[in-house]
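This report refers to the structure that appears directly beneath it.
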Amino acid sequence: MKQPELVYTTYIRSTPKKTWDAITKPEFTREYWGGLANVSDWKKGSKWEHLTKENEAWILGKVVESAPPKRLVLTWADPDQLKDESRVTFEIEAVEDMVCLVVTHDRFKTGSKMAEKVGAGWPRVLSSLKSFLETGKGLNIFCKHD
Amino acid sequence: MKKEKIEFVYATFIRTSPEKLWQTLTSGEFSQKYWFGFRFEVDLRVGGTVRIHPPKGMEQHGDHKGEVLECVPNRKLVYTWQQNDTPEIAKKRDGLSRVTYELTPMGSQVKLRLIHENLLPEDVEKDPSTFKGINNGWPAVISSLKSLLENGVALDFGMTGCGTKAD
């Protein structure tokens, strides 16, 4: 059975540096990523954490590749299920006065529970990131259907 | 021979109302702003025609034509999409492809889910440096639509008619 792979492309009126900063600086991710912070020194081999305001890690991983402001590759796992590890790649390309941001989430383990969750999550987070960079305000990513 | 059916699904969340999003999706005037200058005209009833007119200088793309299959105002639009195929690709088509817009209100946001289905592998473009292909075109159009609704200004892709990104 083919392993699932998520590829999400969005165009944002912003610069590669601002987009990189929005993904890697905790004070920015908190604004659009449901209050969670992405914390790391973003060097190859370093750990990274996706932390709540109470410093609880919802996601953990390692930095596989780091080429600011164009490419960031991370491993990704729920701390309660570390073996269910997958990989996330952010690619940021300047296009006219915008960036093309492509997020790929792949290398899921067979039977991964994470694959289904992130399929619903990434469009919300990346839509919120776009709103944050373009309007100064993110979206509520935990919003439910009316 | 087993035929590979391809579908493309894309979801985005926009800070707007279902009514404003519906209006923007179905308006010829608004579509020219976010759809690379293409004008999307639709007769909003089952059986109504859909026409997608190319802008000046891109006439080689031809008009897309289609028909409305389902129309629930402010919630759902389904229409057929007629490709401008070469004869070789036209032979492989098993009916027209279909586009669905699903609008789901969520407080101050609306979830827009786009589904383009009954496609061929030839409709998917492997080269990411172009806007050609269903997979490259739709994210650009929808991103531009979101910017138009949230900022009042669509994205400017600097299209010169060749469909490439680099310039």
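Any idea what the dipole of chain A comes to, in debye rounded to 20, about its Cα centre with Lys/Arg Cβ at +1 and Asp/Glu Cβ at -1?
180
Which ³J(HN,Hα) values, rounded to whole Hz and listed in residue order, are derived for the range A:45-50 from phi using the Karplus coefficients 6.51, -1.76 and 1.60 in 6.51 cos²θ - 1.76 cosθ + 1.60 with θ = phi - 60°, glycine and proline given as x?
With the stated coefficients, the range A:45-50 comes to x, 6, 7, 9, 9, 10 Hz.
Using the Cα centre of chain B as origin and beta-carbon charges of +1 (Lys, Arg) and -1 (Asp, Glu), tell me which of B:Gly37, B:Gln23, B:Gly137 is placed farthest towards the positive end of the dipole.
B:Gln23
With contacts defined as alpha carbon pairs under 8 Å and 6 or more residues apart, what's the relative contact order of chain A in percent?
27
About the Cα centre, and with charges only on the beta carbon of Lys, Arg (+1) and Asp, Glu (-1), how big is the dipole of the range A:1-74? Nearest 20 debye, please.
The dipole magnitude comes to about 360 debye.
May I ask for the distance between the Cα centers of the range A:1-76 and the range B:54-128, given as a whole number of Å?
The range A:1-76 and the range B:54-128 have Cα centres spaced 32 Å from each other.
Can you list the GluC sites (Glu not before Pro) in the range A:33-103 that are in a DSSP coil and have 13 or fewer other beta carbons within 10 angstrom?
In loop regions of the range A:33-103 (DSSP not H, G, I, E or B), the sparsely surrounded GluC sites (Glu not before Pro) are A:Glu54, A:Glu56.
Taking θ = phi - 60°, what integer Hz values does the Karplus form 6.51 cos²θ - 1.76 cosθ + 1.60 yield along the range A:129-146, in sequence order, with x for Gly and Pro?
4, 4, 4, 4, 5, 8, 10, x, 9, x, 9, 7, 7, 9, 4, 9, 4, 4
Under the rule of at least 5 residues apart or a separate chain, name every residue whose amide H is placed under 5 Å from the amide H of B:Leu96.
Under 5 Å from the amide H of B:Leu96: no residue qualifies.
Given the convex hull over the Cα atoms of the protein assembly as shown, what projected area results after averaging over all orientations, in nm²?
About 17.0 nm², averaged over all directions.
Quick query: amide H of A:Glu85 versus all other amide H atoms, modeled in the peptide plane; which residues come in under 5 Å with a sequence gap of 5 or more or a different chain?
It is A:Lys109, by chain and number.
Show me, for the range B:127-133, the HN-Hα J-couplings you get by feeding each phi into the Karplus relation (A = 6.51, B = -1.76, C = 1.60, θ = phi - 60°), rounded to Hz, glycine and proline as x.
6, x, 8, 10, 8, 6, x
Have a look at A:Lys109, A:Lys117, A:Lys62 and tell me which one the Gaussian network model of chain A (Cα, springs below 10 Å) gives the largest fluctuation.
Highest fluctuation among the options: A:Lys117.
Compute the relative contact order of chain B as a whole-number percentage, counting only Cα pairs closer than 8 Å that sit 6 or more residues apart in sequence.
25
Give the order of A:Met98, B:Met58 when sorted by the count of other beta carbons within 10 angstrom, beginning with the fewest.
Least to most surrounded, the residues fall as B:Met58, A:Met98.
Over the Cα atoms of chain A, what Rg and Dmax result, in angstrom?
Spelled out, the Cα radius of gyration and Dmax of chain A are 14.6, 43 Å.
Suppose only helical runs count, i.e. DSSP H with n ≥ 4. What mean residue ellipticity at 222 nm does that imply for chain A under -39500 (n - 2.57) per run, divided by all residues and rounded to the nearest 500 deg cm²/dmol?
Calculated at 222 nm, the ellipticity per residue is -8000 deg cm²/dmol.
Nearest 20 debye, what's the magnitude of the dipole of chain B about its Cα centre given +1 on Lys and Arg Cβ and -1 on Asp and Glu Cβ?
Using Cβ point charges on Lys, Arg, Asp and Glu, chain B gives about 320 debye.
Return an integer: the convex hull volume of the alpha-carbon atoms of the range B:1-158, in Å³ per residue.
Convex hull of Cα atoms, per residue: 118 Å³.
Can you give the FRET efficiency to the nearest 0.05 for B:Leu96 and A:Lys25, using r as the Cβ-Cβ distance and R₀ = 51 Å?
After rounding, the FRET efficiency stands at 0.65.
I'd like to know which of B:Asn118, B:Gly66, B:Ser108 lies farthest towards the positive end of the charge dipole of chain B, counting +1 on Cβ of Lys and Arg and -1 on Cβ of Asp and Glu.
B:Ser108
Read-outs throughout are calculated quantities, based only on the coordinates presented, and are distinct from any laboratory measurement. Since we're looking at a predicted model, the values are computed, not measured. Because the Cβ atoms are built from the backbone with ideal geometry, glycine has one as well, and the counts that use them run over all protein chains shown.
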